[in-house]
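Enquirer: Below: one structure in structure tokens.
Derivation of every value follows stated rules applied to the coordinates shown; laboratory data play no part. Fair warning: this is a prediction, and the values are worked out from it, not measured in the lab. With ideal geometry, Cβ positions are generated from the backbone for all residues, glycine too; neighbour counts draw on all protein chains shown.
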Amino acid sequence: MERTYIMVKPDGVQRRLVGEIIRRFETRGLKLVALKMVTPTREIAEKHYAAHKERPFFGELVDFVTSGPVVAMVWEGTEAIKLSRSMIGATKPLEALSGTIRGDYTTELQTNLVHGSDAPEAATEEIALWFTPQELTA
Ligand code: UDP
Ligand code: MG
């Protein structure tokens, strides 16, 4: 069993895709263990995307992710990290296949609806960044 941090980004909330995204994770068989809606501060967004600090798109990415409410979640299941990434789809729009969330609902590189942790260490850090231990159900 593994846990991963999944976040519907501001564009997903604005486009009314929260239910559709949650439905996909639920019907696949993952278990929802934490969920909240929050407008991220710059501090938390910069920490969340710290790995990209030196990239040219970092400032715009932080602007985007702090532009409105997001839905922060923790999902649990077998190989939850890789499974979620495969359900989300590739970062590059032309590589995001139909049947994936990005492949079905966006053509854009930045406004790509959803974030998913990419490795166990990242998942642990991101879950601790966005949630207190008390907010995680057993
Ligand atoms: N992003 C961007 N420009 C780029 C690459 C990424 O705006 O050239 C954004 C996009 O929203 C992406 C996020 O930065 O989801 C984090 O990038 P990463 O490479 O970690 O992609 P992900 O793990 O989300 O697929
Ligand atoms: Mg990433």
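Enquirer: Determine, for 48, 115, the number of other Cβ atoms within 10 Å of each Cβ, and report the residues in order from fewest to most.
Expert: Lowest count first: 115, 48.
Enquirer: Of all beta bridges DSSP finds with both residues in the chain, what is the antiparallel percent, to the nearest 5?
Expert: Here the antiparallel bridges make up roughly 95 percent for the chain.
Enquirer: Strictly greater than 20 Å: what percent of every Cα pair in the range 1-110 meets that?
Expert: Tail of the P(r) past 20 Å holds 43 percent of the pairs.
Enquirer: Provide the gained length on full extension for the span residue 111 to residue 136, in nm with one decimal, where the gain is 0.36 nm per separating residue minus the Cα-Cα distance.
Expert: 6.2 nm
Enquirer: Mind sorting 104, 63 by how few other Cβ atoms lie within 10 Å of their own Cβ, fewest first?
Expert: Ascending number of Cβ neighbours within 10 Å: 63, 104.
Enquirer: Just list whichever of 31/53; 9/82; 9/53 have alpha carbons separated by over 22 Å in the model shown.
Expert: In this structure, 31/53 lie more than 22 Å apart at Cα.
Enquirer: Can you tell me the relative contact order of the range 61-128? Whole percent, Cα pairs under 8 Å, sequence separation 6 or more.
Expert: Values: 57 pairs, mean separation 18.4, N = 68.
After rounding, I find 27 percent.
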